[in-house]
């Protein structure tokens, strides 16, 4: 079949090979420019005065200033929002990780009735969009006075993180040889100790991947934070920044400075976990 | 005997925390969502109204408009994301010069919050923004537009930003799958003098077929029900309602107009559509596993 096509339109089929190198580089360079431009734009604008931003939006600042950062931090509310985001992210990551480890241990190392059906149901929950659960949950939380409350949001975030966490950890725990667990059991190790002192330490790549992916998600989450944390003091950084957009509509560089500050923790985390992270993507599909 | 029972319930003790959380958040929501859709919940005590909420939602042209916008977004992003994911993954696989740097750049958008990137783009795309400034410098002033302010263009600007953010994931997903294609296939093809195009058409794409299908379903689910953030920070559904999508429709009905009945019932409909997609995804995954086995 290939030969037939080759003789039929040889010219067109070999065209990519002749001009291929040029086109490939052209496409990748174009993609790089489009990808990097907004990043450049945010950083550069954060160091411009309001006046310079109006006159020179594209090029580097002639006289870089730090005043936008101090303006963003003015009045302490930004610190409060930052703290809220940190509390919610750390809380949800810890809770979901602990609970997911326990479940993944059962799924990977124990036999019980209905195992694969249960795992399948949990994995399917991964794609249920939060918007469909928002209204019942909001009505419930409002009824029992748990809006503007860390605990309720941490619980919701953990529930949303659990399906993927259980899925990834189960896949990883399965690869840990059972003979290792057997010999520990002969030495008198209880199951819970086997989990915490053998399986979890051996699963560092999977756990780091989860910490990175789940932190990125929680840190960036907008919808739930917007609805469940409406009082000004309880807002998260992302909701706060969306608010900055309207509040500093005439002083855009301040918003840009706030966005730089909000992204730095995630870049640090990503660099820290990158090595494991790319591996994690290849082993189980990570949600975009 | 006693030990035996212990063995049997032990797995469920480990599963208990997960089950409690998942039942509380997911199952509770689904049941009360479904139940409430047959009641009027805006009064103090809920009153049974039968199918009236559904009739109201289906009779709301804004609901259909919103779904239509989701559909437009799906129809445009699906081929673009798939074609470019394949191309850029193949280029990475071929180790073109600078592939290591490209791999980092391609994945960069994944780190940025949609809120952050959406706000940055909304300043880039305003009429007096950077993009029009650049067009002006290039003597292409006639192309200058109010990218997010004109009803006909805004949804495509939104789509551009969504693609900007989502493409990297697809590239890395396909790239990492390509790494597991046996190299002998390509070696054999090289001996036969196969062209680049034939390589792609007869080796790479068939080998990636199942993961591409899987990715396609993920794209459809994402574009149907995970794009609230883009709309919220960039257009607020406007201008007019030209970028209103299902999620934003529900959000606005519930939390801005206080029309809980409509919002709740629209959620049920979105949920059912998502369930159908989950089912398709599940089927595809099953098939993929069979192929691997």
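The values are calculated or read from the model by the stated rules, or taken from the named source; none is laboratory data. Small disclaimer: the values here were computed from a predicted structure and weren't measured. Cβ sites come from the backbone with ideal geometry, for glycine too, and all protein chains shown count toward neighbours.
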- Would you confirm whether any residue within segment A:90-98 is within 14 Å of chain B (Cβ to nearest Cβ), buried (at least 17 other Cβ atoms within 10 Å of the Cβ), assigned to a helix (DSSP H, G or I) and out of contact with any helix residue (DSSP H, G or I) (no Cβ under 6 Å at 6 or more places or on another chain)? yes
- Message: Looking at residue A:43 and the list (1) free of Cβ contacts under 8 Å to residues at least 24 places away in the same chain; (2) in contact with a helix residue (DSSP H, G or I) (Cβ under 8 Å, 6 or more places away or on another chain); (3) within 12 Å of another protein chain (Cβ to nearest Cβ), which single condition is not satisfied?
- Response: (1)
- Message: Given the condition at pLDDT 90 or above, within 28 Å of residue B:126 (Cα to Cα) and either buried (at least 18 other Cβ atoms within 10 Å of the Cβ) or in contact with a strand residue (DSSP E or B) (Cβ under 6 Å, 6 or more places away or on another chain) (or both), answer yes or no: does some residue in segment A:188-211 qualify?
- Response: no
- Looking at segment B:137-156, which of the residues that are under 23 Å from residue B:75 (Cα atoms) and free of Cβ contacts under 8 Å to residues at least 40 places away in the same chain is surrounded by the most Cβ atoms within 10 Å (Cβ to Cβ)? B:147
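In the set A:122, A:77, which member is at the interface with chain B (Cβ under 8 Å from one of its Cβ atoms) and in contact (Cβ under 8 Å) with a residue 24 or more places away in the chain? Steps first, please.
Working: A:77 fails: at the interface with chain B (Cβ under 8 Å from one of its Cβ atoms).
Result of the check over A:122, A:77: A:122.
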- Task: Identify, by number, the condition in (1) more than 9 Å from chain A (Cβ to nearest Cβ); (2) touching a residue at least 40 places away in the same chain (Cβ under 8 Å) that residue B:107 doesn't meet.
- Result: (1)
- Given the conditions (1) outside any loop (DSSP other than H, G, I, E, B); (2) modelled with pLDDT under 95, and given that residue B:77 satisfies all but one, which numbered condition is not satisfied? (2)
- Do you know which of the residues in segment A:46-57 that are without any contact (Cβ under 8 Å) to a residue 60 or more places away in the chain and surrounded by 14 or more Cβ atoms within 10 Å (Cβ to Cβ) is nearest to the chain's Cα centre (by Cα)? A:57
- Which of (1) surrounded by fewer than 15 Cβ atoms within 10 Å (Cβ to Cβ); (2) over 17 Å from the mean Cα position of the chain (by Cα) does residue A:268 not meet, given it meets every other one? (2)
- May I ask you to list the residues in segment B:20-45 that are under 30 Å from residue A:98 (Cα atoms) and either touching a helix residue (DSSP H, G or I) at 6+ places or on another chain (Cβ under 8 Å) or facing chain A (nearest Cβ under 7 Å) (or both)? B:21, B:22, B:24, B:25, B:26, B:28, B:29, B:30, B:32, B:33
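Might you check whether a residue that is within 30 Å of residue B:200 (Cβ to Cβ) and more than 8 Å from chain A (Cβ to nearest Cβ) occurs anywhere in segment B:59-67? Give the derivation first.
At the first step, the residues of segment B:59-67 found to be within 30 Å of residue B:200 (Cβ to Cβ) are none.
No: zero hits.
Just to be sure before I move on: is residue B:244 touching a strand residue (DSSP E or B) at 6+ places or on another chain (Cβ under 7 Å), closer than 24 Å to residue B:37 by Cα and more than 8 Å from chain A (Cβ to nearest Cβ) in the structure I sent? Spell out how you get there, then give the answer.
On the way: touching a strand residue (DSSP E or B) at 6+ places or on another chain (Cβ under 7 Å): no; closer than 24 Å to residue B:37 by Cα: yes; more than 8 Å from chain A (Cβ to nearest Cβ): yes.
No, not satisfied.
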- Item | Evaluation of residue B:194 against (1) within 9 Å of chain A (Cβ to nearest Cβ); (2) surrounded by fewer than 16 Cβ atoms within 10 Å (Cβ to Cβ) (one fails), failing number | (2)
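What helices (runs of 4 or more DSSP H), lying completely within segment A:102-188, carry at least 2 residues that are under 21 Å from the mean Cα position of the chain (by Cα)? So that I can check it myself, show each step before the final result.
Details: elements: A:115-124, A:131-143, A:150-174, A:178-186.
So the answer is A:115-124, A:131-143, A:150-174.
Do we find that residue B:14 is over 22 Å from residue B:58 (Cα atoms), within 9 Å of another protein chain (Cβ to nearest Cβ) and under 25 Å from the mean Cα position of the chain (by Cα) in this structure?
Working: over 22 Å from residue B:58 (Cα atoms): yes; within 9 Å of another protein chain (Cβ to nearest Cβ): yes; under 25 Å from the mean Cα position of the chain (by Cα): no.
No: the conditions fail for residue B:14.
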- Query: In segment A:33-68, what residues are more than 24 Å from residue B:125 (Cα to Cα) and in a helix (DSSP H, G or I)?
  - Reply: A:67
